[in-house]
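The values are calculated or read from the model by the stated rules, or taken from the named source; none is laboratory data. Note that the structure is predicted; figures quoted are calculated from it, not measured. Every residue, glycine among them, receives a Cβ derived from its backbone with ideal geometry; neighbour counts consider all protein chains shown. The area values use the complete protein model at the heavy-atom level, side chains included, leaving out ligands, DNA and RNA. Shrake-Rupley method; radii C 1.70, N 1.55, O 1.52, S 1.80 Å.
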Amino acid sequence: TSGGINYLMDKNKVTVFNGLGSFVDATHVAIAKADGTSETIEGKNIIIATGSKPSSLPFIKVDKERIITSTEALALKEVPKHLVIIGGGVIGVEFATLYSTLGVQVTILEMADQILTAIDDEVRKTYIKILKNKNLTILTEAKVTKVTSSGVEYEKDGKTVSIEAEKILVSIGVRPNLKGLESLQLETNVTGVVTNLKMETNVKGVYAIGD
């Protein structure tokens, strides 16, 4: 919890600045505070730990109510009757496991020919056997084309199919949070900031530690 983190910070004598940080240069960070004021702090070595945020599809607008990401899925006040999960990666399967166990009718729509494509074959096959239950439907080679007021449309085997959904979880991966880093001209790629084996970026003294 945030209270536990605050306790650890105090116990270890870590000074915490609350606000939105952005780099001025490689040794200075500007902090925009909630009260409208700002402050700049200096550091010889700086670690970037800005994390990531869920990705979406261009034709899907996440409203955080009916169409949600993993963030909202962790804070639902009521268990939905039916949940469609777009994406059969690790995060999507985690939520499918959770909600189907709670009795929710869950459907996973995965565009690839199998779920958990980043996982070792033997581990994936074994887990899929464990995962299967009466509340879970896994549809592979299913390309989502549209989200409607009542559900999701997808293409499979040359046909367009509609499925109803009380909640729709978009789980197609994450993208790095790079806002506030622009002034550094960091080397980046599709997964985030590029580092060496010591986690140092192309800018000396600036490190990045991932999601």
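Taking a straight line from the alpha carbon of LYS125, these lysines sit under 25 Å away, with near neighbours fewer than eight places off in the same chain left out: LYS134, LYS143, LYS156.
Pairs of alpha carbons in the chain separated by more than 20 Å make up 67% of all such pairs. So which trypsin sites (Lys or Arg not before Pro) in the range 32-97 are both in a DSSP loop and have at most 13 other Cβ atoms within 10 Å of their Cβ? In loop regions of the range 32-97 (DSSP not H, G, I, E or B), the sparsely surrounded trypsin sites (Lys or Arg not before Pro) are LYS33, LYS44, LYS61, LYS64, LYS77, LYS81. Lysine pairs in the range 1-122 whose alpha-carbon atoms fall under 28 angstrom of each other, counting only those eight or more residues apart or on distinct chains, come to 15.
When the charge dipole of the chain is built from unit charges on Cβ atoms (+1 for Lys and Arg, -1 for Asp and Glu) and taken about the Cα centre, the candidate among ILE119, ASN12, LEU139 whose Cα reaches farthest toward its positive end is LEU139. Between the C-alpha center of the range 10-62 and that of the range 124-172 there is a gap of 37 Å. The angle between the Cα long axis of helix 90-101 and the main principal axis of the chain comes to about 50°, on a 0 to 90 degree scale. Taking a ≥ b ≥ c as the square roots of the eigenvalues of the alpha-carbon gyration tensor, the range 72-179 is classed rounded because a/c is under 1.5.
Amide H contacts of ILE85: THR107, ILE108, LEU109, LEU169, each under 5 Å away and 5 or more positions distant or on a separate chain (H built 1.01 Å from N in the peptide plane; Pro and chain starts excluded).
Cross-link partners of LYS179 among aspartates and glutamates, defined as those whose alpha carbon lies under 15 angstrom from its own and excluding same-chain residues fewer than eight positions apart: ASP25, GLU187, ASP211. Rolling a 1.4 Å probe over the protein heavy atoms gives the chain an accessible area of 65 Å² per residue. Averaged over residues, the count of other Cβ atoms within 10 Å places the peptides 101-107, 91-97, 23-29, 123-129 in the sequence 91-97, 101-107, 23-29, 123-129, highest first. Between the helical axis of 2-11 and the dominant principal axis of the chain, each derived from Cα atoms, what acute angle in degrees is found, rounded to the nearest 10? It works out to around 30 degrees. Heavy-atom surface analysis with a 1.4 Å probe gives the range 39-89 a carbon and sulfur content of 53 percent of its accessible area. When only the Cβ of Lys, Arg, Asp and Glu is charged (+1, +1, -1, -1), the dipole of the chain relative to its Cα centre reaches about 340 debye.
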